[in-house]
Amino acid sequence: MRLGEVGHFSKNDEYITPFEAWAQIEKFIPKNLTIWEPFYAEGSSGINLQQLGFTVIHNNEDFFQHNHGDIIVTNPPFSKKKEVLARLKELNKPFILLAPSFMLPSRYFQKYFKENIGIIVPSKRIEFLQVSPTGLVSAGRPSFDCLYFCWKIFEGVQFI
């Protein structure tokens, strides 16, 4: 499924993660792993991660039919969060997922990810972007907070 493909995602899912949101968590993403950014949108997310020095696979293809890279770093379509979580569990690879904070205590999240979860809290509410005829423009800040949900990222890390 590709963002914006007719019949798959709602119009409300076309929110693009700005460069600053990925730069904020750069230090938490292992540099030695190839990132798969599976939700293409208009392509800037993969470019942003590459600009931060990562090796990135970012193709305009169906997340539910493909499997690339060593780690998934993405902002998935929120309307498909349950299906995305099921697929992430099936793939069984580390991920950093930018998603609404209200997902953490939900039954569907807890069903798949009860252990090895880390959370990175952004320094401020993320101002997402949208595609317009003139390029990317501010979509404003959503009425809810987003967190970076990390799975199998901090294994073996000791915090003091």
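No value in this document is a laboratory result; all are computed from the given coordinates. Values in this document were obtained by computation on a predicted structure and should not be read as measured data. As a convention, Cβ positions derive from the backbone with ideal geometry for all residues, glycine included, and neighbour counts pool all protein chains shown.
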Amide hydrogen neighbours beyond the local backbone of residue 128, cut-off 5 Å, H modeled: 139, 140
Residue among 16, 105, 55 farthest towards the positive dipole end of the chain, charges placed on Cβ: 105
Calculated P(r) of the stretch 11-151 - Cα pairs past 25 Å, %: 21
Sorted by Cβ density within 10 Å, fewest first, the residues 52, 97: 52, 97
For the stretch 68-109 versus the stretch 30-65, the gap between their alpha-carbon centres in whole angstrom: 15
Rounded to 5, the percent of DSSP beta bridges in the chain classed as antiparallel: 70
Estimated [θ] at 222 nm from DSSP helical runs (n ≥ 4, -39500 (n - 2.57)) normalised by residues in the chain, nearest 500: -5000 deg cm²/dmol
Amide H within-cut-off set for residue 72, under 5 Å, with H built and near neighbours excluded: 36, 95, 96
Förster-model FRET efficiency, 30 Å R0, residue 132 and residue 110, C-beta, rounded to 0.05: 0.20
Relative exposure of 72, 119, 57, judged by other C-beta atoms within 10 Å (fewest first): 119, 57, 72
